[in-house]
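S.K.: Submitted below is the structure of interest, expressed as structure tokens.
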Amino acid sequence: MRKILSALIIFLACINLSAQKPLAIALRPRPSAAEAGAARLLQAYLQQITAQSVPVPASGAVPEGYAPVFIGAHPDLPKYGLQNPPDLQPDAFFLQGKNGAFLIAGGGEMGAEYGVYSLLELLGCRKYSPRDSFIPEIKNLLLPDYQAKTEIPAFPYRELHYEPAFDEGWARWHKLKTNPKKNEEWGMFVHTFHRLCPEEKYFTEHPEYFAWNGKQRSTGQLCLSNDTVKQIVIETLREAMREKPAAKYWSVSQNDNFDYCKCARCAASDVRYGSPAGTLLAFVNQVAATFPDKTISTLAYQYTRRAPQGIRPAPNVSVCLCSIECNRGKDIEEGCTDFARDVEEWSQLTDNLMIWDYVVQFRSYVSPFPNWHTLQPNLRFFQKHGVKMMFEQGSGRDRSEFSDMRAYLLAKLMWNPQANMDSILTDFGDGYYGAARPAIWEYIDSLTTKLLRSGARLDIYATPQMEAHTFLCEECIAHYTDVLKKAIDAAPDDSAQKGRALAASLPVLYADLELEKILDNGTFIPDQKGGAHYLPFHKAEDVASFVKACRAFGFNNLHERGYSPEQYSIDYQKYIEEGHVWHQFLQRKIHGTGAPVFLLESAAPPSPQYEHGSLETLLDGRRGTDDYHYNWLGYQGNDLNVTVRVINDWPDKELPNTSAVSIQFLQDQQSWIFFPEKVKIEISSDGEHFQTVGEENFDIKPDGEKSVRRVEKSFTPQRLRAVRVTAVNRKTCPPWHSCNGNPCWIFADEIVVR
């Protein structure tokens, strides 16, 4: 028994000695710059973890009594049973741990550094966001045993357009293209026609350089069959390359509109190749031939998305295929089969395919967007089809709903789409949310389940109002609120996890505030003047709390156009004051039957695409805002001609004494919505004969801003049986518009009879 105890004491002493063995970093005698940089990085982290000095001997020799971490090939590797690293492509790395030693080797400029970050994660380090990291304290650090493994990125080019990735340290840790590196590598990046052949320089004297849109020359795009345009583009590129000679990628790509050239030569080329993409590709290939040592990038986007026939991209041409039209509620293979077809067809034409994917809701950064279940299947699909470059577009430099967690997950999946997504999220959630994680997971699962059960489309340009009958219904919001309250209550007071749980609840609060604009949860309080004041369901302090929380948690903009929480508060208060109308007479019902006292007639039916085409939208008491998706009635290519008529059975002596009629219109030219050319308001005392009380003409000019304009006409007070509003649609988008010739819209709302 004594012998056994003695052996046990010696064994335990050996373990203790091993645990206390200090660390050193070993480099070969003439390391590469990448290896030396990785060694300095690892040294800083290991010294922070162990609170001990970690030497990097200049001689490259492993100091006596130290446990070594080798960076790159080294003559002492066999002493520890470590193998010589294989040849590695750029960004790839090799790891092996054995006999108390560890080896990191990497390819290219970043492989060794990426290997360092992977070892640090094996040791328990995490970088959840640029603001939130975890570095453990391990005084007696043992290097882990690790079976020899080479990691190669699924996509050689990985760029993530989310706020965390704009932090260089976070991006490097997560093996992504950093913003400084991108600026170094890209000479021009997408939508470059306006830079390569500037309209301000050429259009006045040479309109033929620009697109013929069917009616006139337009600056929207270039005429790609014009040889002079090709030479201008080549010379512009040549000059730009002199100024930035190290840049590898140069984009020769369409501007962000549909106004492509339809002249006889371009149209014939489109027919020849079966797609405008062929005409673009023929042009880009000729440009690329002039710069064989550069990669010329172009877009397969909207009208050029479909792969052409009878032409291939040149070897130094990279095609960036964009998924902007896809339903985000389903993975691409199931829910966007035409885009899946495009990926397959383009991948058969080129090995230089880039995917521009969209993973955020642009109109509502701070709104629930349950697309989690699509992220991994989509990246696996792209990997299967040999995609080389991935660009995942989130909310850019702005924080958005779960942006820290989405960025973390996407970075891991862009490196390896086959990774265990549940493990990644659970690891993130436990470290970032702590005790709040289970309830937050319950919320995300409930959100996703309700979306999938509804079968609704999840759109990147949606708003909460568009989803009010699916996963953002009133009952849904109440349920999510209860679940998120559990998350908030579970987190310790005054903890970072408490703040993160509160931030996770902001999207539901935002959705609830927005639903006020389409629901009748408030009440009208009659005043002594015969009018009424609207008392909203949400109080001013609710909006103030939302704005304060946005600032506290770094949500500086609510959508892609830079809409601040403070401006939202101002606009919300204006909507509460003006957005609800009390139709004192017209909203009455006939006693006993519940039938309205008025009838609505329209000469042409409104589009069923908005508010189900219900004419009652014009008298529902809710005014439209600058978002055409709700509270607006739309007419595409047709005039609005609507009559509001009091029912015949209503006695003349009880008709309202009326002195004004108003209606408002929306303009959002980017969405093909224009003010009408002319508005006419008519009144009738007998319901048969009408007299005009006012007309108003609209001067329609190019205007990129959304705006609402109200037309109101006053007249001598009189009892009326009917009013009529006519708005003349200009029928098609004007020649200067990027979608000229297409049927345009007028959007009208709330006929108010005072």
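The values are calculated or read from the model by the stated rules, or taken from the named source; none is laboratory data. Here the structure is a predicted model, which means the values were calculated and not measured. All Cβ positions, glycine included, derive from the backbone under ideal geometry; neighbour counts span all protein chains shown.
S.K.: Pick out the one residue from LEU640, LEU655 that is crowded, with 20+ Cβ neighbours inside 10 Å and not aromatic (Phe, Trp, Tyr).
M.R.: None of the others qualify; the one that does is LEU640.
Residues are listed down the side, and each one gets a yes or a no for (1) touching a residue at least 60 places away in the same chain (Cβ under 8 Å); (2) touching a helix residue (DSSP H, G or I) at 6+ places or on another chain (Cβ under 8 Å); (3) not assigned by TED's automatic domain parsing to the domain that holds GLN231:
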site: SER253; (1), (2), (3): yes, yes, no
site: SER269; (1), (2), (3): no, yes, no
site: VAL284; (1), (2), (3): no, no, no
site: PHE291; (1), (2), (3): no, yes, no
site: ILE296; (1), (2), (3): no, yes, no
site: ALA314; (1), (2), (3): no, yes, yes
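S.K.: Does SER133 satisfy the criteria of being closer than 30 Å to PHE553 by Cα, in contact (Cβ under 8 Å) with a residue 24 or more places away in the chain and among the polar types (S, T, N, Q)? Outline the logic, then answer.
M.R.: On the way: closer than 30 Å to PHE553 by Cα: yes; in contact (Cβ under 8 Å) with a residue 24 or more places away in the chain: no; among the polar types (S, T, N, Q): yes.
Criteria not met by SER133.
S.K.: Here are some residues: LEU143, LEU119, LEU160, LEU196. Which one is in contact with a His (Cβ under 9 Å, 6 or more places away or on another chain), modelled with pLDDT of 95 or more and buried (at least 18 other Cβ atoms within 10 Å of the Cβ)? Before the answer, list the steps.
M.R.: Numbers: LEU143 fails: in contact with a His (Cβ under 9 Å, 6 or more places away or on another chain); LEU119 fails: in contact with a His (Cβ under 9 Å, 6 or more places away or on another chain); LEU196 fails: in contact with a His (Cβ under 9 Å, 6 or more places away or on another chain).
Only one candidate qualifies: LEU160.
S.K.: Could you please give the count of residues in the range 628-671 that are of a type in the set (A, V, I, L, M, F, W, C), closer than 24 Å to HIS580 by Cα and in a loop (DSSP other than H, G, I, E, B)?
M.R.: The number of residues fulfilling the criteria is 2.
Okay, residues lined up against (1) closer than 22 Å to MET110 by Cα; (2) in contact (Cβ under 8 Å) with a residue 40 or more places away in the chain; (3) buried (at least 19 other Cβ atoms within 10 Å of the Cβ); (4) not assigned by TED's automatic domain parsing to the domain that holds LYS139:
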| residue | (1), (2), (3), (4) |
| --- | --- |
| ALA36 | yes, no, no, no |
| ARG40 | yes, no, no, no |
| SER53 | no, no, no, no |
| PRO68 | yes, yes, yes, no |
| ILE71 | yes, yes, yes, no |
| ASP87 | yes, no, no, no |
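S.K.: What number of residues within the range 214-239 are in contact with a Ser or Thr (Cβ under 8 Å, 6 or more places away or on another chain) and within 10 Å of CYS261 (Cβ to Cβ)?
M.R.: 4
S.K.: Please state which one of LYS175, LYS127, LYS149 is closer than 19 Å to ALA44 by Cβ, assigned to a strand (DSSP E or B) and not hydroxyl-bearing (Ser, Thr, Tyr).
M.R.: On the way: LYS175 fails: assigned to a strand (DSSP E or B); LYS149 fails: closer than 19 Å to ALA44 by Cβ.
After applying the criteria, what remains is LYS127.
S.K.: Out of the residues in the range 282-305 that are surrounded by 20 or more Cβ atoms within 10 Å (Cβ to Cβ) and part of a loop (DSSP other than H, G, I, E, B), which is nearest to the chain's Cα centre (by Cα)?
M.R.: Selected residue: TYR301.
S.K.: Another one. Kindly provide the set of residues from the range 522-547 that are more than 13 Å from HIS583 (Cα to Cα), surrounded by 12 or more Cβ atoms within 10 Å (Cβ to Cβ) and either modelled with pLDDT under 75 or among the aromatic types (Phe, Trp, Tyr) (or both), ordered by number.
M.R.: Within the range 522-547, GLY522, LEU535, PRO536, PHE537, PHE546 qualify.
S.K.: Mind checking which residues of the range 180-216 are of a type in the set (S, T, N, Q) and either under 20 Å from CYS266 (Cβ atoms) or in contact with a helix residue (DSSP H, G or I) (Cβ under 9 Å, 6 or more places away or on another chain) (or both)?
M.R.: Initially, the range 180-216 is screened for residues of a type in the set (S, T, N, Q), giving 183, 192, 204, 213, 216.
Scanning the range 180-216 gives THR192, ASN213, GLN216.
S.K.: Shifting gears a bit: Looking for something touching a Cys at 6+ places or on another chain (Cβ under 6 Å), assigned to a loop (DSSP other than H, G, I, E, B) and either within 29 Å of LEU506 (Cβ to Cβ) or among the charged types (D, E, K, R) (or both) - is there at least one such residue anywhere in the range 310-326?
M.R.: Yes, the range 310-326 has at least one match.
S.K.: Right, next: Before we move on, is MET354 buried (at least 20 other Cβ atoms within 10 Å of the Cβ), more than 25 Å from TYR128 (Cβ to Cβ), in contact with a Lys or Arg (Cβ under 9 Å, 6 or more places away or on another chain) and aliphatic (A, V, I, L, M)? If you could, list the steps in order and put the result at the bottom.
M.R.: Details: buried (at least 20 other Cβ atoms within 10 Å of the Cβ): yes; more than 25 Å from TYR128 (Cβ to Cβ): yes; in contact with a Lys or Arg (Cβ under 9 Å, 6 or more places away or on another chain): yes; aliphatic (A, V, I, L, M): yes.
Considered against the rule, which asks whether it is buried (at least 20 other Cβ atoms within 10 Å of the Cβ), more than 25 Å from TYR128 (Cβ to Cβ), in contact with a Lys or Arg (Cβ under 9 Å, 6 or more places away or on another chain) and aliphatic (A, V, I, L, M), MET354 comes out as yes.
S.K.: In the range 544-593, which residues are over 24 Å from the mean Cα position of the chain (by Cα), farther than 17 Å from ASP620 by Cβ and among the acidic types (Asp, Glu)?
M.R.: Passing the criteria: only GLU577.
S.K.: Right, another one. Condition first: out of contact with any Asp or Glu (no Cβ under 7 Å at 6 or more places or on another chain) and modelled with pLDDT of 95 or more. Now tell me which residues in the range 724-737 satisfy that.
M.R.: Answer for the range 724-737, where residues must be out of contact with any Asp or Glu (no Cβ under 7 Å at 6 or more places or on another chain) and modelled with pLDDT of 95 or more: just VAL725.
S.K.: Regarding the range 525-538, can at least one residue be identified that is part of a loop (DSSP other than H, G, I, E, B), in contact with a strand residue (DSSP E or B) (Cβ under 7 Å, 6 or more places away or on another chain) and not hydroxyl-bearing (Ser, Thr, Tyr)?
M.R.: Within the range 525-538, one or more residues are part of a loop (DSSP other than H, G, I, E, B), in contact with a strand residue (DSSP E or B) (Cβ under 7 Å, 6 or more places away or on another chain) and not hydroxyl-bearing (Ser, Thr, Tyr).
S.K.: Out of GLN231, GLN216, I need the residue that is at pLDDT below 95 and surrounded by fewer than 18 Cβ atoms within 10 Å (Cβ to Cβ). Which one?
M.R.: Going through GLN231, GLN216 in turn, the sole match is GLN216.
S.K.: Let me ask something else. Looking at (1) crowded, with 16+ Cβ neighbours inside 10 Å; (2) not assigned by TED's automatic domain parsing to the domain that holds TYR568, can you tell me which one THR426 breaks?
M.R.: All conditions pass for THR426, except number (1).
S.K.: Looking only at the range 417-465, which residues are within 22 Å of the chain's Cα centre (by Cα), of a type outside the set (A, V, I, L, M, F, W, C), on the phi < 0 side of the Ramachandran plot and not in a helix (DSSP H, G or I)?
M.R.: PRO417, ARG457, ASP459, TYR461, THR463
S.K.: Then there's this: Give ALA407, ALA435 a once-over and let me know the one that is in contact with a Gly (Cβ under 8 Å, 6 or more places away or on another chain), over 29 Å from GLY278 (Cβ atoms) and small (Gly, Ala, Ser).
M.R.: Every option except ALA407 fails the conditions.
S.K.: Next question. Based on this model, can you work out whether ARG453 counts as modelled with pLDDT of 95 or more and more than 24 Å from LEU160 (Cβ to Cβ)? Don't jump to the end; show me each part of the working.
M.R.: Working: modelled with pLDDT of 95 or more: yes; more than 24 Å from LEU160 (Cβ to Cβ): yes.
Criteria met by ARG453.
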